[in-house]
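To keep things clear, I will list the structure first and then write my remarks on it.
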Amino acid sequence: MSNDTTTTPDAGAHDTGAHDAGAPDAGAHGAGAADHTVSAVEAELPHTAGGAPHTPPRGPFRAGDRVQLTGPKGKLTTLSLEPGVVYHTHRGMLAHDDVIGQPDGSVIRASTGDEYLALRPLLNDYVMSMPRGAAIVYPKDAAQIVAFADVFPGARVVEAGVGSGALSLWLLRAIGPTGSLQSFERREEFAAIARGNVGTFLGAVPDNWSVTVGDLVEELPEAVEPQSIDRVVLDMLAPWECVDEAADALAPGGLIVCYVATVTQLSRTAEALRDTGRFTDPQSSETLVRTWHVEGLAVRPDHRMVAHTGFLITARRLADGVVLPNLKRRAGKAEFSDEDVEAWTPGAVGERGASDKKLRKVARQAAAQARKVAAAEAASAASDPSDGDR
């Protein structure tokens, strides 16, 4: 049986503690380790000189290609094609040889006659089905990171933590062969999985991507020159611990984007960025994706959606010595006057309160109703003396 995985999204797309490159971990690697680069994994994986000029293959399927099969019920399965191998399902068998040589977008019949649509997986499909050591950054968030961080061909990007390599693939595609991506991951096993996933999709590990195992706070100042980085992307449990080091590495005008899961992380990261005095006022957002059912006149939202997976918070690096101008804002909750309080009284906002006369009338009605109920209970007890023996 071949190695197959489905592309059904899981609910826990973003695990806040799964891969944190910002907090120290004594167990991440040996205390006396001198080389934090994943050299053992590098030796096992093929490399490509220069950048990552990966172009998705065209033409008929070949042995070694990955194929995404869509089954009769819409289930997605991703396979690596191998001559002589047979894919077994509970609804029959499908030989890899029946797929090899067929053009992309073909329909393949299984032994039971069931039809499977065969397509080469897109990057979006691949990251949802690849092996995961840590939770991945969902494609909807990766797209926003690339857009909001304005990652461009030739950009010098720092990423932490690398997790399973999903975001690394999007960043490598965005920076092209002339850019550079330096990834930092606290856990060596996650780094190894990420390199394997990137090597699988690209066909080789690009030389413009490096993975360093260690704490970003300690490793980044040694790895890059001050003010030499265009973009810093932090996907970790406590990004506020790395803000100063990120500011040192970023060139003036450079951008930091942090991906966090909870509102408390969002708040603390925003305040940390403000406290440095080295960034513009941070901007925060989340992305929700809702698909629609469209068949003829039956047009409605789908019952399920990919809702909250994480928050994005971005800020630009200021030039050294620059003080951010104070923005004119409305008074916050801690800043109010008597006029502000008066403006929010019930009468001021149009709420109609009951008059004393109205309240007395309602009280009389309630009392009268209570007396009626009591009288009815007394009459019932008098007409049935046996009630008192129950």
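The values are calculated or read from the model by the stated rules, or taken from the named source; none is laboratory data. Computed from a prediction, not measured in an experiment: that's the story for all the values here. Note that each Cβ is placed from the backbone with ideal geometry, even for glycine, and that neighbours are counted across all protein chains shown. Side chains are part of the model used for accessible areas, which takes the heavy atoms of the whole protein and leaves out ligands, DNA and RNA. Shrake-Rupley method; radii C 1.70, N 1.55, O 1.52, S 1.80 Å.
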State the Cα centre-to-centre distance between the range 56-103 and the range 223-237 in whole Å.
40
For the range 235-241, Karplus-derived ³J(HN,Hα) couplings (6.51, -1.76, 1.60; θ = phi - 60°; whole Hz; x for glycine and proline) come out as 10, 8, 5, 10, x, 5, 6
Sorted list, accessible surface of protein heavy atoms, 1.4 Å probe, largest first, for T200, T178 is T178, T200
Could you please state how large a percent of the accessible area of the range 131-181 is carbon and sulfur, counting protein chains only and using a 1.4 Å probe?
62
Given a 1.4 angstrom probe, what's the average accessible area per residue across the range 174-300, in square angstrom?
41
Got a sec to turn the phi values of the range 258-275 into Karplus ³J(HN,Hα) couplings, 6.51 cos²θ - 1.76 cosθ + 1.60 with θ = phi - 60°, whole Hz, x for Gly and Pro?
10, 10, 10, 9, 10, 5, 5, 4, 4, 5, 5, 5, 4, 5, 5, 5, 5, 5
Please list, in order along the range 143-159, the HN-Hα scalar couplings obtained from phi with the Karplus expression 6.51 cos²θ - 1.76 cosθ + 1.60 (θ = phi - 60°), rounded to whole Hz, x for Gly and Pro.
4, 5, 4, 4, 6, 5, 7, 6, 6, 10, x, x, 5, 9, 10, 10, 10
Taking H placed 1.01 Å from N in the peptide plane, check which residues at least 5 places from S228 or on another chain put their amide H under 5 Å from its amide H.
A251
For the range 82-224, calculate the relative contact order in percent as a whole number, restricting contacts to Cα pairs under 8 Å that are 6 or more residues apart.
16
Could you give the nm distance between label points at T264 and V322, where each point is 7 Å from its Cα heading toward the beta carbon?
3.5
Sticking with the crude label model, points 7 Å out along Cα→Cβ, report the distance from R109 to D244 in nm, one decimal please.
7.0
Please compute the modelled spin-label separation between R58 and V86, points set 7 Å along Cα→Cβ, answer in nm with one decimal.
3.6
